[in-house]
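Notes for the one structure printed next.
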Amino acid sequence: MIPTGEATIGPFFPPRFVDAGANDLTQLAGRKAQGEVIQISGCVRQEDGEALENLVLEIWQPDAKGIYRHPADPRHAEADADFLGWGRAATDQEGNYAFRTVRPGAPAGRAPHVDFMLMFSGLMRILKTTLYFEGEAANGADPVLAAVPAARRALLVARREAPGKYRFELKLRGEHETPFFDD
Amino acid sequence: MHTVIAPRDERTQPARIVPGYPQTPWRNPREPLVRRVPTLSELTGPLAVAPRLELLGGDIAGHGAKRAIGQLMHLKVRVVDEDGAPVGGTVVEVWQANGAGRYSHPNDDDHAPVDANFYGAARLVTDDTGAFELRTVKPGAYPVPTRDGWWRPPHIHFSLFGRVWLSRLVTQMYFPGEPLNAQDRILNAVPDAAARERLVARLVSPTGEPHDALVFVHDIVLRGRKATPTQP
Ligand SMILES: [Fe+3]
C-alpha cells in the first residue's frame, strides 16, 4: 500500500497538544533517567530571519548508554526503564525552544546524536534533521554527518555554551540554512 | 521487529512550495535535502508516547445540553502499514475547526463564532486492528487570510506516530463531494490524483447503530514494511 500524503499542521495545532513537561525527557512517571542532564535550546528562523512562534519540535534519542527504547535495538532489553527518549516542544514568541534531556550515548557505529523533527504552518512536509555535540571525537566518523556536504556539517553541531548547556540554532531557509534530510 | 523504509514516490506527497500559500517559499529549504541511509536511529521510534501526552479520548462532540453545534458524525479510521498490516497501540492526535469553521485557537481571529461546547482536539490510541473512532461534528470550511484568499474545504487534521521515527505522519482528511476540494491549494499540492483521492473519506450507511450521525470511514497508511527473513 502507498503511504498517505503528508500535509502541514497548519496554524491551529492545539496548544493543549504541547503538554506541560513534554520537553523534559529526564524523568518518566516521576523516576529519574540515568546520565548527565543537559539542556538543548535554540531559536528557529525563516529565510528573512524572522523568529517563528508556535513551531512544533520533536526529538528522539537513545539513553545514556546509547540504547534506543525500541525492540529493533539489539540491546533494547538493557535500556534505561526510566527514559523514553522522546519529547516535544513548541517555540515561544521569540522563536526559542528548549529541551531537558540526558546526554545520549553513542549507538553502534554512530556519534552521539539527537534526531529532530520540525512541524509548522507552511511546512507541507515534516523537516528532519540531526543534532551532534561540539567536541565529540566520534563526529568525524559518523556516517550520517558524513553524508552532509563538508561545508555544511558544522551547522549540525550544537555549540556548548556552558557545562551541560547546548545551543542548536535552526534556520529553515537561506543563509546558514540547517541541513535537512531526505527521508 | 525490524521495519524497512523505502523512499517515497514523490508524486504521492505534497510539493513543499505551494503557489498561493505564501509562507511556503520562506520556510522550506533551498538547499537539496541530504540523502542518508536509514540507521537504527530512524528505524526505531517512540512506541509509547502516552506517558508524555495525556490521552483525551475520541468523543469531542459533547452530549445533551453540552453538545456541539453542527452535523454529528462518526469517523471510523483504520491505520495500517505498507504491508496493509494494522498499526495497533499507536497514539493519534486529531484537531479540527468547529461546525462554523472556527478553531479554538488564539491564532484564529476569523469572524465565525466560537462554540463553547467544542474545543476540537482528540488524542487516542489505535486498537489491535489499527482502528480508532471519532465522534465529532463535521468541520466547517474557513477562509485563508491571504491577499487572494481561498477557502479551505472541510477537513480534519491528524498526527500519528507509528512504529519508527520515519513512520511519523501529519496529514489532513477531506470529505467527499465538497466543491471546495477542487480548489484547495493544500489538497492539490499532491500531484497524483489517486493519492489525493485517498485523502478523502468515504460516506457509508450506518449499520447496527443509532441513525443519529453521518458515518465516514477512512484509511491511513503509515510508512514501513516488516523486514522479510531473507533480508541480510
Ligand atoms: Fe485546518
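Miscellaneous remarks
- Consider segment A:58-112 and keep the residues that are β-branched (V, I, T) and within 23 Å of B:A50 (Cβ to Cβ). The one that is surrounded by the most Cβ atoms within 10 Å (Cβ to Cβ) is A:T101.
- Of the residues examined, A:T178 is one that is in contact (Cβ under 8 Å) with a residue 24 or more places away in the chain, surrounded by 20 or more Cβ atoms within 10 Å (Cβ to Cβ), at the interface with chain B (Cβ under 9 Å from one of its Cβ atoms) and in a loop (DSSP other than H, G, I, E, B).
- Long-range neighbours under 8 Å by Cβ, at least six apart or interchain, first residue closer than 15 Å to B:A201 by Cα and within 14 Å of another protein chain (Cβ to nearest Cβ) within segment B:131-150, second open to solvent by 30 Å² or more (accessible area, probe 1.4 Å) and within 15 Å of the ligand (Cβ to nearest atom): B:P139/B:G99
- Some residue of segment B:187-203 being of a type in the set (V, I, T), within 16 Å of the ligand (Cβ to nearest atom), within 14 Å of chain A (Cβ to nearest Cβ) and over 30 Å from A:L57 (Cβ atoms): yes
One line per residue, one yes/no per condition, for (1) within 14 Å of the ligand (Cβ to nearest atom); (2) modelled with pLDDT under 95; (3) part of a loop (DSSP other than H, G, I, E, B):
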{"site": "B:G45", "(1), (2), (3)": "no, no, yes"}
{"site": "B:E54", "(1), (2), (3)": "no, yes, yes"}
{"site": "B:G62", "(1), (2), (3)": "no, no, yes"}
{"site": "B:I69", "(1), (2), (3)": "no, no, yes"}
{"site": "B:K76", "(1), (2), (3)": "no, no, no"}
{"site": "B:E82", "(1), (2), (3)": "no, no, yes"}
{"site": "B:D110", "(1), (2), (3)": "yes, yes, yes"}
{"site": "B:N117", "(1), (2), (3)": "no, no, yes"}
{"site": "B:E133", "(1), (2), (3)": "no, no, no"}
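- Scan segment A:55-74 for residues that are in a loop (DSSP other than H, G, I, E, B) and more than 7 Å from chain B (Cβ to nearest Cβ) and the total you get is 10.
- The listed residue being modelled with pLDDT of 95 or more and either crowded, with 21+ Cβ neighbours inside 10 Å or away from the ligand (no atom under 16 Å from the Cβ) (or both), out of B:W151, B:W165: B:W165
- Within segment B:10-36, the set of residues being open to solvent by 30 Å² or more (accessible area, probe 1.4 Å) and facing chain A (nearest Cβ under 7 Å) comprises B:A15, B:R16, B:Q23, B:W26, B:R30, B:E31, B:L33, B:R35.
The values are calculated or read from the model by the stated rules, or taken from the named source; none is laboratory data. This one's a predicted model, so the numbers in the text were calculated from it and none came from an experiment. Positions of Cβ are generated from backbone atoms using ideal geometry, with glycine treated the same way; all protein chains shown enter the neighbour counts. In case anyone asks, the SASA skips ligands and DNA or RNA and just uses the protein heavy atoms, side chains included. Shrake-Rupley method; radii C 1.70, N 1.55, O 1.52, S 1.80 Å.
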